[in-house]
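Structure first, then comments.
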Amino acid sequence: MQFRKLSVCLAACAALSSFSVHAQVSDDVVKIGVLNDLSGIYSDLSGQGSVTAARMAIEEMGGKVLGKPVELVFADHQNKPDVAANLARGWFDQGKVDMVTDFPTTSTALAVMEIARQKNRVVMPSSGLATAILGEKCTPLTAQWTTNTYALAAGTARALVKEGKKTWYFVTADYTFGHSLEKDATEVIKADGGSVVGSSRHPFPGNDFSSFLLKAQASKADVIALANAGNDTVNAIKQANEYGITRKQVVAPLLTYISDVHSIGLDKAQGMYLSEAFYWDYDDRSRAWSRKFFEIQKRMPTAAQAGVYSATLNYLKAVQAAGTDEAKAVMAQLRKMTIDDAVIRKGKLREDGALVHDMLLLQVKTPAESKAPWDYYKVKSVLKGADVFPPINPACQAGK
Amino acid sequence: MPGGGRRATDETHIMFDIPMQSLLAQLLVGLINGCFYAMLSMGLAIIFGLLNIINFAHGAQFMVAAFLAWMGFSQLPLLLGPEFKINFWAALVLAPLIVGGLGVLLEKTLLKRLYHLDHLYGLLLTFGVSLVLEGVFRHFYGISGASYDPPALLQGGIDLGFMYLPLYRGFVVVASILICGCTWFLFEKTRLGALLRAGTENPKLLQAFGVNIPLMITLTYGFGVGLAGIAGVLATPIMQVNPLMGANLLNIVFAVVVIGGLGSILGAVVSGLALGLLEGLTKVFYPEASTVVVFVIMAVVLLTRPAGLFGKEH
């Protein structure tokens with residue numbers, strides 16, 4: 001009898017609590033939006049692979065959080081801030097979207113962050129990497145999840161300066177991201193005792209890098225740093241090889257995704273140093289997740305795609321723990337958590353929106369060292385988050 | 001005083017703070033780009049001259065030829081065995097023929113229905129075709145594309161003193177000047193060329209003389225597309241083979257055609273080469289303007305000579 005009473009009570013409690021929880025998920029659905037480049041030059045590093053990654057995270061949570069279904073939408077922002085802003089506005093106003101992630105061009109992320117702040121939604125850029133996201137335009141509802149230009153530059157630049165490569169020349173993509181990468185790398189190079197002897201800005205996207213590379217060659221700098229991404233990096237490396245530049249100078253791409261190395265080929269990319277937030281073959285956890293991804297996508301995940309998985313997974317966990325999908329509460333919960341999954345290790349979300357976590361310094365294998373397709377990197381060292389992520393920018397008022 | 005002497009020569013070789021060496025190097029690089037502009041804009045000019053079609057699919061056809069070269073080299077042997085490997089030289093002949101053939105098919109089935117309509121319809125159709133082609137290749141091969149090495153014969157390079165010139169790039173300059181020269185000769189100096197030019201002026205009258213105008217139009221379109229194909233194969237070892245490689249070039253090439261004069265072969269070639277050089281120079285003195293300079297010149301030309309530098313007013 002007693003037992004029966006207890007169970008009735010428990011059932012009532014459960015019903016009540018689930019009722020109260022229901023009330024706190026807006027529109028009775030938690031909706032994730034992947035906004036990225038599905039057709040342009042960044043569609044291999046983000047694109048459909050990011051959508052797959054987000055779907056994997058949702059499946060891992062059982063497709064539900066707080067008893068409500070989790071849904072996924074995605075769209076192509078064509079790397080244009082105005083297109084991204086319009087899509088996001090539609091998603092927030094009519095589409096019931098609670099969190100938007102990816103943004104392979106920083107300018108698109110910046111455009112959406114402001115709208116999300118007004119509409120009280122969460123933005124988690126995974127491939128939008130400029131530190132501008134953490135500066136003056138930062139918002140309390142943004143989490144730059146995977147990495148940023150400073151952390152990337154710090155890893156690669158430090159390693160090379162330490163090897164005695166003191167003079168640098170930049171070949172920079174002429175938009176927010178490229179400028180940010182150049183500025184952040186310059187800071188690190190100077191702090192470590194190196195110097196920057198010059199830079200050229202190339203149009204984005206570019207096909208022919210010959211003239212910029214020849215200028216870089218004439219500068220006689222030890223290192224030619226490529227502050228660009230995707231196909232621009234691929235073409236620049238290819239052409240640097242063609243002009244025989246790689247024989248006397250080191251070409252250092254500051255942002256390289258595994259998809260880039262895949263299309264350049266190991267014979268041209270071998271020996272290059274690079275920093276990444278994630279490499280599929282790092283340990284058992286990363287391998288297990290990546291193989292699952294590979295089965296669906298037929299390519300190994302880039303750091304950007306893996307970051308979308310991690311961002312989505314942790315967002316959903318935070319919704320679960322906070323008991324609501326209200327943006328401020330979810331962000332507070334994310335800041336409380338230690339992020340540790342197949343992708344991000346020892347991560348702590350800072351007030352300015354930077355996820356500080358361990359990064360990897362990698363070197364591209366020689367064709368002989370590579371045992372299988374996608375076996376491209378040697379892990380040279382693990383870079384502690386505190387050493388490579390930038391200090392909080394005083395211009396960011398998010399925490400205040 | 002060897003040191004003092006050297007300083008003096010260095011000074012004489014410096015112009016506006018830019019060392020002579022790098023100026024020469026940039027001009028050469030500009031010339032190489034100019035060769036691609038010239039080859040592509042020549043194809044466009046030929047097609048426009050006879051068909052009155054603004055061939056927006058030109059960039060996509062250039063890309064398809066590049067992909068065919070890459071597939072023949074690295075995909076076909078995987079599918080059918082190593083004896084089916086198609087090397088660069090074979091691809092340089094085969095890919096333009098295949099792309100030109102596809103062009104003939106396009107003309108026979110779709111384009112020929114549009115001749116009596118406004119230019120705009122041809123432009124829309126070919127634009128649509130280029131979007132479809134790009135979409136198909138993006139679907140199957142992704143956007144990063146693939147690398148293709150120059151043929152063994154043309155690997156390495158020569159030290160010119162002012163720069164290290166990759167042999168292959170030198171080959172591109174020679175090959176494209178040859179191709180442009182031959183095409184010019186064909187159109188301006190042969191009987192076939194005379195017929196084609198007559199067809200441009202007054203097709204009805206020419207048909208009355210017993211010339212098979214529809215066949216001539218079809219073959220001309222195929223030929224123009226084939227030129228895009230040759231440029232595409234020549235570009236594979238330089239650029240990453242990817243679905244957007246043609247689209248990136250096409251904007252500039254259209255400006256080149258407008259500057260040279262729509263329909264003028266000589267105009268297309270000369271302005272292609274000249275604009276390549278000019279772009280190279282801009283990259284030395286003010287790199288930020290290098291993407292706009294061609295369009296600024298286009299605007300100036302349109303204002304002062306609306307028919308282009310070499311075009312005839314109708």
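The values are calculated or read from the model by the stated rules, or taken from the named source; none is laboratory data. Keep in mind that this is a model prediction, so the values were computed, not measured. Cβ sites come from the backbone with ideal geometry, for glycine too, and all protein chains shown count toward neighbours.
Could you say whether any residue in region A:132-150 is touching a Lys or Arg at 6+ places or on another chain (Cβ under 6 Å), in contact (Cβ under 8 Å) with a residue 40 or more places away in the chain, surrounded by 24 or more Cβ atoms within 10 Å (Cβ to Cβ) and over 30 Å from residue A:65 (Cα atoms)? The answer is no, given that none of the residues of region A:132-150 is touching a Lys or Arg at 6+ places or on another chain (Cβ under 6 Å), in contact (Cβ under 8 Å) with a residue 40 or more places away in the chain, surrounded by 24 or more Cβ atoms within 10 Å (Cβ to Cβ) and over 30 Å from residue A:65 (Cα atoms).
If the condition is being crowded, with 21+ Cβ neighbours inside 10 Å and touching a Ser or Thr at 6+ places or on another chain (Cβ under 8 Å), then region A:160-175 contributes A:168, A:169, A:170, A:171, A:172. Residue A:310 meets all of the listed conditions (1) touching a Lys or Arg at 6+ places or on another chain (Cβ under 8 Å); (2) touching a residue at least 60 places away in the same chain (Cβ under 8 Å) but one, namely (1). In region A:42-62, the residues that are within 14 Å of another protein chain (Cβ to nearest Cβ) reach residues that are surrounded by 20 or more Cβ atoms within 10 Å (Cβ to Cβ) and among the acidic types (Asp, Glu) with C-beta atoms within less than 7 angstrom, at least six apart or across chains, in these pairs: A:43/A:37; A:46/A:37; A:46/A:102; A:47/A:37; A:50/A:102. Would region A:234-246 turn up any residue that is closer than 24 Å to residue A:364 by Cα and charged (D, E, K, R)? Yes, region A:234-246 contains at least one residue that is closer than 24 Å to residue A:364 by Cα and charged (D, E, K, R).
Tell me which of these residue A:112 doesn't satisfy, since it passes every other one: (1) assigned to a loop (DSSP other than H, G, I, E, B); (2) touching a helix residue (DSSP H, G or I) at 6+ places or on another chain (Cβ under 6 Å); (3) crowded, with 24+ Cβ neighbours inside 10 Å. Against the list (1) assigned to a loop (DSSP other than H, G, I, E, B); (2) touching a helix residue (DSSP H, G or I) at 6+ places or on another chain (Cβ under 6 Å); (3) crowded, with 24+ Cβ neighbours inside 10 Å, residue A:112 comes up short only on (1). For beta carbons closer than 8 Å, sequence separation of 6+ or different chains, a first residue in region B:168-188 that is free of Cβ contacts under 8 Å to residues at least 12 places away in the same chain and aliphatic (A, V, I, L, M) and a second that is surrounded by fewer than 16 Cβ atoms within 10 Å (Cβ to Cβ) and part of a helix (DSSP H, G or I), the qualifying pairs are B:186/B:192.
Mind checking which helices (runs of 4 or more DSSP H) fall wholly inside region A:299-400 and carry at least 2 residues that are aliphatic (A, V, I, L, M) and surrounded by fewer than 19 Cβ atoms within 10 Å (Cβ to Cβ)?
On the way: elements: A:303-322, A:327-336, A:385-388.
In region A:299-400, A:327-336 are the helices (runs of 4 or more DSSP H) which contain 2 or more residues that are aliphatic (A, V, I, L, M) and surrounded by fewer than 19 Cβ atoms within 10 Å (Cβ to Cβ).
Of the numbered conditions (1) crowded, with 19+ Cβ neighbours inside 10 Å; (2) in a helix (DSSP H, G or I); (3) touching a helix residue (DSSP H, G or I) at 6+ places or on another chain (Cβ under 7 Å), residue B:243 satisfies every one except a single condition; which is it? All conditions pass for residue B:243, except number (2). Of the residues making up region A:94-125, those that are touching a residue at least 60 places away in the same chain (Cβ under 8 Å) and within 17 Å of residue A:318 (Cα to Cα) number 9. Of the residues that sit in region B:271-314 and are part of a loop (DSSP other than H, G, I, E, B) and of a type in the set (Ser, Thr, Tyr), which one is nearest to residue B:248 (Cα to Cα)? That would be B:291. Summed over region A:288-342, residues that are among the β-branched types (Val, Ile, Thr), farther than 20 Å from residue A:35 by Cα and within 16 Å of the chain's Cα centre (by Cα) total 1.
Mind listing just one residue for me: the one in region A:256-274 that is within 14 Å of chain B (Cβ to nearest Cβ) and either assigned to a loop (DSSP other than H, G, I, E, B) or among the hydroxyl-bearing types (Ser, Thr, Tyr) (or both) and, of those, surrounded by the fewest Cβ atoms within 10 Å (Cβ to Cβ)? Spell out the reasoning first.
Taking region A:256-274 as the starting set, the residues that turn out to be within 14 Å of chain B (Cβ to nearest Cβ) are A:256-270.
Remaining after also requiring either assigned to a loop (DSSP other than H, G, I, E, B) or among the hydroxyl-bearing types (Ser, Thr, Tyr) (or both): A:256-257, A:259, A:263, A:265, A:270.
Values: A:256: 30, A:257: 28, A:259: 28, A:263: 24, A:265: 16, A:270: 19.
Per the criteria, the residue is A:265.
Restricting the first member to region A:340-358 and to residues that are basic (Lys, Arg), and the second to residues that are at pLDDT 95 or above and not in a loop (DSSP other than H, G, I, E, B), the beta-carbon pairs closer than 6 Å and six or more apart or on different chains are A:348/A:356; A:350/A:356. Of all residues in region A:239-255, count the ones that are surrounded by 22 or more Cβ atoms within 10 Å (Cβ to Cβ) and in a helix (DSSP H, G or I). Count: 3. Can you find, within region A:213-229, the residue that is farthest from residue A:162 (Cα to Cα) among those that are touching a residue at least 12 places away in the same chain (Cβ under 8 Å), part of a helix (DSSP H, G or I) and in contact with a helix residue (DSSP H, G or I) (Cβ under 6 Å, 6 or more places away or on another chain)? That would be A:214.
In region A:177-212, which residues are assigned to a helix (DSSP H, G or I) and within 25 Å of residue B:168 (Cβ to Cβ)?
Here is the first cut: in region A:177-212, the ones assigned to a helix (DSSP H, G or I) are A:177-191, A:210-212.
A:210, A:211, A:212 - these are the residues of region A:177-212 that are assigned to a helix (DSSP H, G or I) and within 25 Å of residue B:168 (Cβ to Cβ).
Answer yes if at least one residue in region A:275-286 is assigned to a helix (DSSP H, G or I) and surrounded by fewer than 19 Cβ atoms within 10 Å (Cβ to Cβ), and no otherwise. Looking through region A:275-286, at least one residue is assigned to a helix (DSSP H, G or I) and surrounded by fewer than 19 Cβ atoms within 10 Å (Cβ to Cβ).
Being of a type in the set (A, V, I, L, M, F, W, C), away from chain A (no Cβ under 14 Å) and crowded, with 20+ Cβ neighbours inside 10 Å is true for just one of B:133, B:124, B:153, B:196. Which residue is that? Residue meeting the stated conditions: B:196.
Looking only at region B:209-261, residues that are within 16 Å of residue B:58 (Cβ to Cβ), within 14 Å of chain A (Cβ to nearest Cβ) and not hydrophobic (A, V, I, L, M, F, W, C) come to 5 in all.
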